[in-house]
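Chemist: First the structure, which I've put down as structure tokens, then a few questions once you've had a look.
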Amino acid sequence: MSLRAFHIVFIVVSVMLSLYVGVWGVRQYRIEGTTGALAFGVIFLLAAVALVIYGMNVVRKFRELP
Amino acid sequence: MTTTTLTHPVPVDDGHGHGGGHHEIEIPYTLHPRPDTGMYNGKLGIWLFLASEVMLFGALFSTLILLRTSAPSWPHGWQELNIPLATLNTFILIGSSVTVVLAWANLRLGDLRKGKIFLSITLLCGLGFMVIKSIEYATKFRHHHFPSTNNFFATYFVMTGLHGLHVLGGMIVFGYLIGPGAKLWETNRDQYTNRVEVTGLYWHFVDLVWIFLFPILYLL
């Protein structure tokens, strides 16, 4: 497996982590009611979105590489 | 294809019952994928190494699962550990994976200056990770939390400590590639670029381990 393929695998796993942690934060907020947990969850959900956008861009850029 | 010859003589039987003969082993540095393995030798080597690393960390993850499921009580990571610092470290490592790919991509495009800049950013990310981790450790020690305290802290320190050593190892290699190792660019650009790719594969693996460590140790 090349670095480009492994990088895409890494991004996919990172998106899954971000979604899991995001949902975990929101659930903690529902249980405890602390805004810190909510902020934590929202940060990771936004990170998941950012990583998906980055992943789509990087796939396109990789095709342009020699 | 370029080759290198090991200078260490290997004793072999000289045919007269004596082991005093010498034989030289040639290890080829292939720059392009070999038809039999589908990859150049350096990449095959790093994947074999990473396979052994999967077994090492796999054994530790299995140990954690067995200890946790068999323990009558187990503390929640988010109650004992510093989540904001670990979150920051997570983003630092994800960012460093992006910069190491950018370094390799720029080298593929023939831009050594940009390649070295992105390698330096990756090295700084590794340094930032280690500084934050040392702050986390220092806080734990101040609160008298040691590996001997309980099984939770034993697994926490062993797994994050071993991971930290891997980060340190990657930083040393990046330092070499930015510094004295960069001389190879003048004589063999493809080989230098391949070295960065192989190091990038290792770095991605180290980051991937953290991606699993973070939720398992800190959140569950």
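The values are calculated or read from the model by the stated rules, or taken from the named source; none is laboratory data. Being a predicted model, the structure only gives us computed values, none of them experimental. Here Cβ is always computed from backbone atoms with ideal geometry, including for glycine, and neighbour counts include all displayed protein chains. Heavy atoms of the whole protein, side chains included, go into the accessibility calculation; ligands, DNA and RNA do not. Shrake-Rupley method; radii C 1.70, N 1.55, O 1.52, S 1.80 Å.
Chemist: For region B:158-184, which positions are open to solvent by 20 Å² or more (accessible area, probe 1.4 Å) and of a type in the set (Phe, Trp, Tyr)?
Modeler: B:TYR176
Chemist: Exactly one condition in (1) at pLDDT below 95; (2) more than 10 Å from chain A (Cβ to nearest Cβ) is false for B:ILE117; which is it?
Modeler: Looking at each condition in turn, B:ILE117 falls short on (1).
Chemist: From A:MET1, A:MET16, grab the single residue that is open to solvent by 60 Å² or more (accessible area, probe 1.4 Å), under 10 Å from the mean Cα position of the chain (by Cα) and within 22 Å of A:GLY55 (Cβ to Cβ).
Modeler: Criteria check complete, one pass: A:MET16.
Chemist: With the condition kept exactly as written, say whether any residue in region B:192-209 is more than 11 Å from chain A (Cβ to nearest Cβ), more than 20 Å from the chain's Cα centre (by Cα) and surrounded by fewer than 21 Cβ atoms within 10 Å (Cβ to Cβ).
Modeler: Within region B:192-209 (the criterion being more than 11 Å from chain A (Cβ to nearest Cβ), more than 20 Å from the chain's Cα centre (by Cα) and surrounded by fewer than 21 Cβ atoms within 10 Å (Cβ to Cβ)), the answer is no, since none of the residues qualifies.
Chemist: Here's something else I'd like to know. Answer yes or no as to whether A:GLY55 is away from chain B (no Cβ under 11 Å) and farther than 17 Å from B:TRP210 by Cβ.
Modeler: So A:GLY55 does not fit the description; no.
Chemist: Can you tell me which of A:VAL42, A:VAL9, A:VAL49, A:VAL21 is crowded, with 16+ Cβ neighbours inside 10 Å and β-branched (Val, Ile, Thr)?
Modeler: Within the list A:VAL42, A:VAL9, A:VAL49, A:VAL21, the selection yields A:VAL21.
Chemist: Counting just the residues of region A:24-33 that are open to solvent by less than 60 Å² (accessible area, probe 1.4 Å) and over 21 Å from B:VAL209 (Cα atoms), which one comes out modelled with the lowest pLDDT?
Modeler: A:GLY33
Chemist: Determine if region B:44-56 includes at least one residue that is under 17 Å from B:MET159 (Cα atoms), open to solvent by less than 20 Å² (accessible area, probe 1.4 Å) and within 13 Å of another protein chain (Cβ to nearest Cβ).
Modeler: Scanning region B:44-56 turns up at least one residue that is under 17 Å from B:MET159 (Cα atoms), open to solvent by less than 20 Å² (accessible area, probe 1.4 Å) and within 13 Å of another protein chain (Cβ to nearest Cβ).
Chemist: Of the residues B:PHE141, B:PHE129, which is open to solvent by 20 Å² or more (accessible area, probe 1.4 Å) and either within 21 Å of B:ILE83 (Cβ to Cβ) or more than 14 Å from chain A (Cβ to nearest Cβ) (or both)?
Modeler: From the options B:PHE141, B:PHE129, the qualifying one is B:PHE141.
Chemist: Continuing with the same structure: Among (1) open to solvent by less than 20 Å² (accessible area, probe 1.4 Å); (2) under 26 Å from B:THR199 (Cα atoms), there is one condition A:ASN57 misses while meeting the rest; what is its number?
Modeler: (1)
Chemist: Something else now. Considering only region B:99-113, state which residues are surrounded by fewer than 20 Cβ atoms within 10 Å (Cβ to Cβ), free of Cβ contacts under 8 Å to residues at least 40 places away in the same chain and facing chain A (nearest Cβ under 9 Å).
Modeler: B:LEU109
Chemist: Pick from B:ASN188, B:ASN151: which is more than 27 Å from B:MET55 (Cβ to Cβ) and either of a type outside the set (A, V, I, L, M, F, W, C) or within 14 Å of chain A (Cβ to nearest Cβ) (or both)?
Modeler: Among B:ASN188, B:ASN151, only B:ASN188 is more than 27 Å from B:MET55 (Cβ to Cβ) and either of a type outside the set (A, V, I, L, M, F, W, C) or within 14 Å of chain A (Cβ to nearest Cβ) (or both).
Chemist: Could you look through region B:67-86, keep only residues that are in contact (Cβ under 8 Å) with a residue 40 or more places away in the chain and facing chain A (nearest Cβ under 10 Å), and pick out the one that is farthest from A:PRO66 (Cα to Cα)?
Modeler: For region B:67-86, the residue satisfying everything is B:TRP78.
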